[in-house]
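These notes concern the structure reproduced below.
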Amino acid sequence: MSQRTADDTTLAYSKTVESYAHLFDRPEVRLRFLNNTLAHQAACRENLDERLKRFGFLKKSKIYRQVLELWLHRLIFQELQKLLPVASKQRFQLLQRHKAPLAARLFLSFYQFRHVFYTAGVALAVVALFGVYTAVVWSSQRVNGYLAERYRGRTESRAGNQYSAHAQQTGTEHLPDYRPERVWLVEQKDNYERYSNGGRILTTYETTNHPRGYHVFRPGGAAHSDELNRAPVGIVYHSSESDLLPFTSANNDSIETRTRGLLEYVQKNKSYNYVIDRFGQIYRIVRDDEAANHAGNSVWSDSRGVYVGLNESFLGVSFETNSEAATLDEQLTEAQLVAGRLLTQILRSQHQIDDANCVTHGLVSVNPGNMLICYHYDWARNFPFEAMGLSDKYKVAPATISEFGFTYDEEIAERLGGAVWAGAQTADEEFKNRARQASTTPEKRRRQLGERYRAQMESQRKARAASTNEP
C-alpha cells in the first residue's frame, strides 16, 4: 500500500471523526472529542508503522488498510464511550447511520460485552485444564493396569506384592518354559549328579529311611484301593528356619560352617529329601524313593484324589533360610532361586510330577488338635512360585479346609500380614456352603470331618507299617 493510499485513509477517517462530532450539542464537548480522537489517531498510526517496520510488504497489502481503519474506529468508540451519555442501542444506531464498517460495528459490540467474554474465556480455560488433568489421570491408570497385567504372579497379600517386585528385577518372565524331555541325567559320580539343565546334586550327605507307601483317598473318605502307592507325587517346599548371617563375602566361612551344621542335623533326623544352601548348592539327604520326615500332619489334593500325611507321598525340599525375614530378598539368594528352579525341573521330569502338586509347607500343614490350618508357617506367604516355573498355589482352595473343615483364627491371619491367602478364604466359603446344604452347622460339620482326617491318617500309618514290617 502506498503512502498516498494511507494518507487517503487517514483523511477519510478525519472526516468521519468530524461527522461524529456533530452528535455533541455542546461546543466544548465537540472540540474535546475532535482533539482527543485526532491526537490518538496520529499516535495510533505511528505505533502501527513502528510495529510493521520489519514487515514493509504488509503496508502494501489490503490488510494494512483494513487494520488501520479498524484501529482508528476503535479510537472513535473509546471517545464516544467517555463523552456520549446515551444508551448502547442508541449508540449502535448512530454508528450504522454514519456507515461504520461491519468489522467496526462488531468490534463495538464486543467492547460493550467485554466482561461477559472475559468471564466465558476464564470458564473455558478452567474446563480445558480440568480436561487435561482428567486425561492424564486416566492415561496413568491405563498404564498402571497394563503393567499390572504384564507382570502377573502377584498374590493378594503384602508378601505377594513383595515377590512380584522381586520377580520383575530378576526377569523371571523371560526364563524358558519347563519341558521334561529336555531334562536328564548327564553324569553320575560318587559324590554328585549332573543334569542337562545345569542342575548339580551333591550326594555327600545322602542317607536312607523307610520306603514310601501311601493311599490316595476319594473326596468322600474311602481309599481308591488297598494297594499302596510308592512313587512320589508332589513336592513340598520348606524353609529350614535357620539363623541367618548377613550374606556378605566377609561371612563366607561362617555361612559354610552353619550350612554344615544344618546338613548334619537334617541327615540325622532325615528331615528333608533335599536342602539348597545359601550359595545355591543342592544336597540330597533322603533318597527319592524313601520318605523324609518333613510334612507331618498335612493335606493336599489333585484331580486323582486327596493325600494325607505328605511325608509318604511328597518330596521335601528345604531352602536354607528363615520365614521371619522381612522380604523375599532377605529370604532367598539369587543362587537359591536358580537352584530351586533347576531342582524342581529335575524332580518333575524324573517322577512325572504335575504342577498342581508343587506346594509349600505352610499351605498343607494342619493341627488336628484344634482343627487349625498353618500349623507350620514356612512359606505360608511369599514363596516365589513363578521363579520356580510354577503356578501360584496361594490362589488354590486347599483341601485342608474344603474337605476336612480345618479353619483359621485371628492369630494366624495376623501372622500372615492381616489376612490368610486368597485360596483359603475361597475354601472357607465353600466349606460353609456345604454345611448349609447338609442342613448342619459349620462346627458340627468340622467335628465330623476332623474324625475322618484322623481315621485316614491312622489307616495309612497301619498300612505302611505293615508293608515295611514296622510296629
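The values are calculated or read from the model by the stated rules, or taken from the named source; none is laboratory data. Just so it is clear, the structure is predicted and the values come from calculations on it, not from any experiment. Cβ sites come from the backbone with ideal geometry, for glycine too, and all protein chains shown count toward neighbours. Calculation scope for accessible area: heavy atoms of the full protein, side chains included, ligands and nucleic acids excluded. Shrake-Rupley method; radii C 1.70, N 1.55, O 1.52, S 1.80 Å.
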Checklist line | Per residue Cα convex hull volume in Å³ - calculated over segment 411-469 | finding: 134 Å³
Checklist line | Apportionment of accessible area to carbon and sulfur, segment 291-414, percent (1.4 Å) | finding: 46 percent
Next item on the list: Leaving ligands, DNA and RNA out of it, rank Met371, Met457 by accessible area with a 1.4 Å probe, largest first.
Entry: Met457, Met371
Notebook entry, point to check: So for the pair Arg230, Glu28, with labels modelled 7 Å out along Cα→Cβ, what separation do we get in nm?
Noted result: 13.0 nm
Check: Given R₀ = 35 Å, FRET efficiency for Thr426-Glu334 by Cβ-Cβ distance, to 0.05?
Finding: 0.60
Item checked: Relative contact order (%) - segment 253-346, alpha-carbon pairs under 8 angstrom, separation at least six -> 29 percent
Check: Can you give the FRET efficiency for Leu245 and Thr207, using 1/(1 + (r/R0)^6), R0 = 22 Å, r = Cβ-Cβ distance, to the nearest 0.05?
Finding: 0.25
Check: By how many nm would the segment from Ala438 to Leu124 grow when fully extended, if each residue of separation counts as 0.36 nm and the alpha-carbon distance is taken off?
Finding: 106.5 nm
Next item on the list: Quick one: net charge around Thr208, please, counting Lys, Arg +1 and Asp, Glu -1 for every other residue with C-beta under 11 Å from its C-beta.
Entry: -1
Notebook entry, point to check: According to the Cα gyration tensor, what semi-axes, each the square root of 5 times an eigenvalue, does the equivalent ellipsoid of segment 333-471 have, listed from largest to smallest in whole Å?
Noted result: 28, 23, 14
Item checked: Dimensionless Rg over Rh [segment 284-409; C-alpha; Kirkwood] -> 0.94
Next item on the list: Treat each spin label as a single point 7 Å out from the Cα along the C-beta direction, and report the Ala465 to Glu256 distance in nm.
Entry: 4.5 nm
Next item on the list: Taking amide H positions as placed in the peptide plane 1.01 Å from N, state which residues far from Tyr214 in sequence (5 or more) or on other chains have amide H under 5 Å from it.
Entry: Asn229
